[in-house]
Amino acid sequence: MTEDTQSASMDRILQEISAVGRKLEGMDNAMVALTAETRSMRLEIAGFQSQISWLDQRVTTVEAQAASWANKDQELLHPRSRLTDLEDRSSRNNICLLRIPEGTEGADIPSYLRDMLPKLTDITFDPPPEFQWAHRLGPKRQDGKGRPRPIIACMLRQGQARQLLQTARTQGPLRLGTLEIRLSADFSREVTERRRAFLSLRPCLRHLDVKFGLFEPARMWITKNGETRTFYDPEDLRIFLEGLQDTSQTMETMAHSSSPSKDV
């Protein structure tokens, strides 16, 4: 090999080494940039972790506050329920009479009821009924128009009050001459509203061919397909009836679709 050939080979080798060096230098620069980017991502991840931790603490705090508010709501509802219960217990001896014309009772309502109730219910009381108090409910209308005000009476003996209410439930409409008198228990406003809500569902119950009845003070029993249920909340009964209605409609649709078509 000549000296010129050796010199040319060395030049090429030096050029290749130089090219490799430049590539390595570029890789070093890329590694530095990658390291810096990785460090930045770590800082961002640490920030996200801090935010997630803060949000988790906030969620825990909000859940604790919600639980505290729920407990406070229950504390508020509990005395209200107890107050309603006490009100209903205190009125167990009370009876309510509707549709008695104004002025029929005269000035002494207890004496009027003592004579009228045995005739109205065909009950022979022994001893005769006695009352702690009795009065019309609400102010008297000056024009004398509108429905007669109810008469509320508190009987001295609870057994006689129960006997009257039982007779009113089983005997049907009570008549005094040409008058049809309604006799019922004296319920609290909350119980009255629950009873009214239960009774508003009667058309739906009849439509679904469901047997039903209303227990005092405000419980409704229903019987469907031989199964009897008791509901204390009208909303629970409404949701149950919606499920029955959906089932009934589905059954009717299936029966209609499976029926054989008639040839025209």
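Worth a mention:
- Karplus-derived 3J(HN,Hα) values for the range 99-113, using 6.51 cos²θ - 1.76 cosθ + 1.60 with θ = phi - 60°, are 6, 8, x, 4, x, 4, 7, x, 8, 10, 5, x, 5, 4, 5 Hz; glycine and proline are entered as x.
- The range 96-192 shape via C-alpha gyration tensor axes, a/c threshold 1.5: rounded
- Net dipole in debye of the range 189-239 [+1 Lys, Arg Cβ; -1 Asp, Glu Cβ; about Cα centre; nearest 20]: 180
- The H on the amide N of GLU130, modeled in the peptide plane, is under 5 Å from the matching H of LEU156, ARG157, each at least 5 residues off or on a different chain.
- Using a probe radius of 1.4 angstrom, the carbon and sulfur fraction of the accessible surface of the range 149-190 is 48%.
- Here the 3J(HN,Hα) profile of the range 180-191, calculated from phi with Karplus coefficients 6.51, -1.76 and 1.60 at θ = phi - 60°, is 9, 9, 9, 10, 8, 6, 9, 8, 5, 4, 5, 5 Hz, Gly and Pro shown as x.
- Between ILE181 and LEU174, ARG175, LEU176, the built amide H atoms are under 5 Å apart, and every one of these is 5 or more places off in sequence or on another chain.
- Distance in nm between pseudo-label sites at ALA66 and TRP133 (7 Å out along the Cβ direction from Cα): 4.7
- Stretching ALA8 away from ASP236 to a fully extended chain increases their span by 72.1 nm, per 0.36 nm per residue minus the current alpha-carbon distance.
- Spacing of the modelled spin labels on GLU44 and ARG206, each 7 Å from Cα toward Cβ, amounts to 7.0 nm.
The values are calculated or read from the model by the stated rules, or taken from the named source; none is laboratory data. Keep in mind the model is a prediction, meaning the values are calculated, not measured. Cβ: placed from backbone, ideal geometry, glycine included. Neighbour counts: every protein chain shown. SASA here: full protein model, heavy atoms, side chains in, ligands and nucleic acids out. Shrake-Rupley method; radii C 1.70, N 1.55, O 1.52, S 1.80 Å.
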